[in-house]
Amino acid sequence: MSNETSSNTGTVLVTYSKRTATVAMNRPETMNALNPQMLNDFIFALKEVSENEDVDVVILKGNGKAFSAGGDIKMMLAPDKEDGFNDLMDGISELVTTLYFMPKLTISAIHGAAAGLGLSIALATDHLIADSESKVAMNFIGIGLIPDGGGHFFLERRLGEVGAKELIWEGRVLTALEAKEKGLIHEIADGTLEQAVERKVQGWLKSPVQAMIKTKKILSEKNRPLLIKMLEIEKAAQFKMRQTADHQEGIKAFVEKRRPNFIGK
């Protein structure tokens, strides 16, 4: 694309081109795992894009080898201070609601891994396109936690209650094809991911975008109370999960690269 301008907010890069903004997560050394700094930069970037009247389409992507591996494990190793935890969860909620209610058409371009919170964020967009070699997982269960970032809301909308529980409880890593068959993603890139995203963007830009955005607004406003409620419930539940022996064992096993020995406590 031509006539590109960009702004850099540190761990998140925003590039503008014609009527499109690309928001790129930029912690490639951690597979774009979200830490508090990145969370703040991400919210700032999304609000900047959301308020830009020249932008109709927003592309979400990850720089480096992955879309996003989820929450930074170092956050979970930090001492459990309730104030810090509340700030963190409120930031996650602000990020997801800003993205879900954004008055733009949004695309997640998934390559490598989209896992945990990374998958919740991708599911908050309107259209998910995945590279054929990518993997997705709602894998909080592996460290004794529950999905956050509205993960329960987004999965239940797509898979129903039964399917959502199955995916969350198993925490299984899905191939792009398996994710497509379940209805988690909309399309697998035929050719390169960049080409597939560009085709979708150009198709949208030739459409009556304002009518499309109005439909998005009607449906998302209907869902607003439920998503807000779900985020509140996830926050309270996640705080309790962080106190469990199983969570401590899950983190320890992750760091030590071994299978966890959960005891249900």
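The values are calculated or read from the model by the stated rules, or taken from the named source; none is laboratory data. Model, not experiment: these values are computed from the prediction. Reconstructed Cβ throughout: ideal geometry from the backbone, glycine too, with neighbour counts over all protein chains shown. Surface areas here come from the heavy atoms of the whole protein model, side chains and all, with no ligands, DNA or RNA. Shrake-Rupley method; radii C 1.70, N 1.55, O 1.52, S 1.80 Å.
Given the pairs K47/K252; K18/K74; K180/K216; K65/K257; K18/K165; K165/K222, which are separated by over 32 angstrom at their Cα positions?
Flagged as over cut-off: K47/K252; K18/K74; K18/K165.
Taking the alpha-carbon set of the chain, what are its Rg and Dmax in Å?
Rg, Dmax (Cα atoms, Å): 17.9, 57.
Taking every DSSP beta bridge with both residues inside the chain, roughly what % is antiparallel (nearest 5)?
Approximately 35 percent, going by the DSSP bridge assignments.
Only sites in a loop by DSSP and with at most 13 other Cβ atoms within 10 Å count here; which trypsin sites (Lys or Arg not before Pro) in the range 203-250 make the cut?
Here the sparse-neighbourhood loop sites are K206.
Return one whole number: the accessible area per residue of the chain in Å², for a 1.4 Å probe.
Ligands and nucleic acids excluded, the result is 48 Å² per residue.
Given the Cα-Cα distance of F44 and I263 and 0.36 nm per residue of separation, how much length would full extension add, in nm?
Separation in residues times 0.36 nm, less the Cα-Cα distance, equals 74.8 nm.
Only helices at least 30 Å long along their own axis, judged from Cα atoms, and with Kyte-Doolittle mean hydropathy of 0.5 or greater: name those in the chain from DSSP H.
none
Express in nm, to one decimal, how much length is gained between R172 and A237 on full extension, taking 0.36 nm for each residue of separation and deducting their alpha carbon distance.
Fully extending the segment from R172 to A237 adds 21.3 nm.
List residues of the range 113-129, by number, whose backbone nitrogen lies under 15 Å from a label position 7 Å along Cα→C-beta of L226.
Flagged as within label range: 124.
If you bin the C-alpha pair distances of the range 46-203 every 10 Å from 0, what whole percents do you get?
P(r) over the range 46-203, rounded to whole percents: 11, 39, 36, 13, 1.
Do you know the relative contact order of the chain, to the nearest whole percent, from alpha carbon pairs under 8 angstrom that are 6+ apart?
Answer for the chain is 16 percent.
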